[in-house]
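Below is one structure; the comments refer to it alone.
The values are calculated or read from the model by the stated rules, or taken from the named source; none is laboratory data. Values in this document were obtained by computation on a predicted structure and should not be read as measured data. No Cβ is skipped: glycine too gets one built from the backbone with ideal geometry, and neighbour counts run over all protein chains shown. Note: areas computed on protein heavy atoms with side chains; ligands, DNA, RNA excluded. Shrake-Rupley method; radii C 1.70, N 1.55, O 1.52, S 1.80 Å.
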Amino acid sequence: ACAGHAIGAAVTFTGPRGEAVAGICDRIGGVIAARPDRPPPAGAGGPPPGPDRPPPPEAVAACAGKAAGAAVTFTGPRGD
């Protein structure tokens, strides 16, 4: 979603349940990626990754060898 966009750009991306999510491009784990423009509701799996919290290794591994914008599925650290 952030390919060709600067940090702080507003974007829309597809969430894990197929829903459209309004997001902001941010530096996440050393790369520019989209994050929701507001934190998820309580009980929704915790805060999104941020500058001090990189994405889980499962997310990084799922994208290995994929082009920017490719859809991937992975099992997160909590089994979701």
Subset of the range 9-34 (residues that are within 16 Å of Ala71 (Cβ to Cβ), open to solvent by 40 Å² or more (accessible area, probe 1.4 Å) and outside any strand (DSSP E or B)):
Pro16, Arg17, Gly18, Glu19
Taking the range 35-58 and keeping residues modelled with pLDDT under 80 and open to solvent by less than 70 Å² (accessible area, probe 1.4 Å) leaves Pro40, Ala44, Gly45, Gly46, Pro48, Pro49, Gly50, Pro55, Pro56
